[in-house]
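Reviewing the structure listed below.
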Amino acid sequence: MNIFNYANDYLLCEGDVQELMRLASSVRDSRWGNQITYSRKVFVPLTNMCRDTCGYCTFVKHPNSPEARIMDPDQVLSVVQEGQKNGCKEVLFSLGEKPELRYLKARKALEHLGYNSIIHYVRDMCELVLNETTLLPHVNAGTMTEKDLLLIKPVAASMGMMLETSSKRLTQKGMAHFACPDKVPIQRLRTLERAGLNKVPFTTGLLIGIGETRKERIEALHDINNMYLKYGHIQEVIIQNFKAKPNIAMADHPEPTLEDMLWTIAIARLILDPNISVQAPPNLSERHIQYLRAGINDWGGISPLTIDFINPERDWPEIAVLAKSTSNAGFQLKERLTVYPSYQDSLGSFLSPDIHHRVAKLSRPNGLALDQRIA
């Protein structure tokens with residue numbers, strides 16, 4: 001059966017969600033078995049200033065806000081060292097996109113730290129982590145030039161950027177990405193391609209429920225898959241649901257339903273190459289265990305220490321509780337590293353020599369985390 005045609009046939013007639021889920025689970029089982037993974041991480045929100053003003057975002061703060069900040073190196077190291085004590089293997093650096101290009105206060109804050117760009121600062125914070133801890137940096141810096149990617153690659157095990165959507169329609173006035181230069185789809189697709197050209201193990205994904213259509217989701221998934229087929233660098237795709245919050249432009253915008261989330265996960269599993277991991281965050285739905293029936297094989301990064309700074313009102317599940325509920329559903333929860341096993345042997349290609357050496361020390365022969373923490 002040609003899954004590509006099958007998925008589009010189901011789109012046209014709205015499909016049978018249960019049948020799509022059954023097929024998607026079969027694809028997942030064939031490639032990933034009954035193993036569901038997660039990454040034990042510490043979340044470092046390096047700066048919450050950003051030149052974009054997405055309609056759904058509460059993470060970003062205007063430089064005039066008393067909450068606006070750039071973490072200094074001592075703050076970064078303090079959080080990361082606590083993460084190491086709690087068994088974390090991944091440092092997720094999350095940051096607003098290029099605030100210094102729009103705001104004088106952001107430029108001044110960076111200059112105070114001795115930098116003229118946030119990319120150069122995150123690069124040095126990755127190096128600090130490598131010098132002072134055993135953790136592996138993962139960098140979410142948004143759209144990046146080839147120069148940016150080559151600057152970060154030697155000091156990061158992996159990088160990521162949510163495509164969110166490839167619909168230019170969402171940049172129109174009144175839509176989620178209006179007046180957001182870094183959310184223009186062509187810019188994000190160029191970043192995905194540059195990451196592929198430079199062999200960066202990469203995470204991307206969709207943000208569903210922000211005004212896109214189901215057809216646009218399918219188009220975005222094909223865009224992602226085509227990048228993978230060309231370059232082989234996309235290790236995981238996140239299917240993340242929009243959550244309404246007070247004090248955002250989309251505060252009254254309806255959230256996607258559980259059925260919509262299940263449909264999208266199943267379609268993603270059917271469209272994407274089976275070697276691409278499909279992930280959905282467990283803290284954004286009380287019924288996340290049903291995601292297993294739709295074909296996911298990974299829960300993503302979960303922190304025993306830091307909150308989800310993107311959705312601070314949504315607590316991470318306790319890892320022991322998630323392990324039990326995953327087991328009750330017929331699967332085994334296993335801890336992985338930020339770089340997936342299939343990318344770990346690529347010395348001189350996907351991983352720099354230093355990162356390769358560190359990954360080898362933290363991993364089992366099968367590529368999963370040597371020190372398995374399910375608590």
Of the residues in segment 194-218, those that are crowded, with 17+ Cβ neighbours inside 10 Å, in a helix (DSSP H, G or I) and of a type outside the set (G, A, S) come to R194, E216, R217, I218
In segment 73-105, how many residues are over 30 Å from A360 (Cα atoms) and part of a loop (DSSP other than H, G, I, E, B)?
5
Among the candidates T134, T37, single out the residue that is closer than 28 Å to Q279 by Cβ, at pLDDT 95 or above and either in a loop (DSSP other than H, G, I, E, B) or in contact with a Cys (Cβ under 9 Å, 6 or more places away or on another chain) (or both).
T134
Those residues that are in a loop (DSSP other than H, G, I, E, B) and either in contact with a Gly (Cβ under 8 Å, 6 or more places away or on another chain) or surrounded by 24 or more Cβ atoms within 10 Å (Cβ to Cβ) (or both), I need them from segment 40-53; list them, please.
N48, M49, C50, R51, D52
State which residue pairs qualify: first residue touching a residue at least 24 places away in the same chain (Cβ under 8 Å) and part of a loop (DSSP other than H, G, I, E, B) and inside segment 349-362, second residue of a type in the set (V, I, T) and buried (at least 16 other Cβ atoms within 10 Å of the Cβ) in any location, beta carbons under 9 Å apart, and separation of 6 or more residues or different chains.
F350/V200; F350/V339; S352/V155
Report, by residue number, each residue of segment 305-326 that is in a helix (DSSP H, G or I) and surrounded by 14 or more Cβ atoms within 10 Å (Cβ to Cβ).
I319, L322, A323, S325, T326
Identify, from the list V27, V91, the residue that is aliphatic (A, V, I, L, M), under 22 Å from M159 (Cα atoms) and either crowded, with 19+ Cβ neighbours inside 10 Å or in contact with a helix residue (DSSP H, G or I) (Cβ under 9 Å, 6 or more places away or on another chain) (or both).
V91
Filter segment 273-300 down to residues that are of a type in the set (G, A, S), in a loop (DSSP other than H, G, I, E, B) and over 22 Å from D315 (Cβ atoms), then give me how many there are.
1
Checklist (1) at positive phi; (2) without any contact (Cβ under 8 Å) to a residue 24 or more places away in the chain applied to G300, failing item
(2)
What number goes with the only condition from (1) surrounded by 20 or more Cβ atoms within 10 Å (Cβ to Cβ); (2) assigned to a loop (DSSP other than H, G, I, E, B); (3) modelled with pLDDT under 95 that L270 does not pass?
(2)
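The values are calculated or read from the model by the stated rules, or taken from the named source; none is laboratory data. What you are looking at is a predicted structure, and each value in this text was computed from that prediction instead of being measured. Glycine gets a Cβ as well: all are built from the backbone with ideal geometry, and neighbour counts include every protein chain shown.
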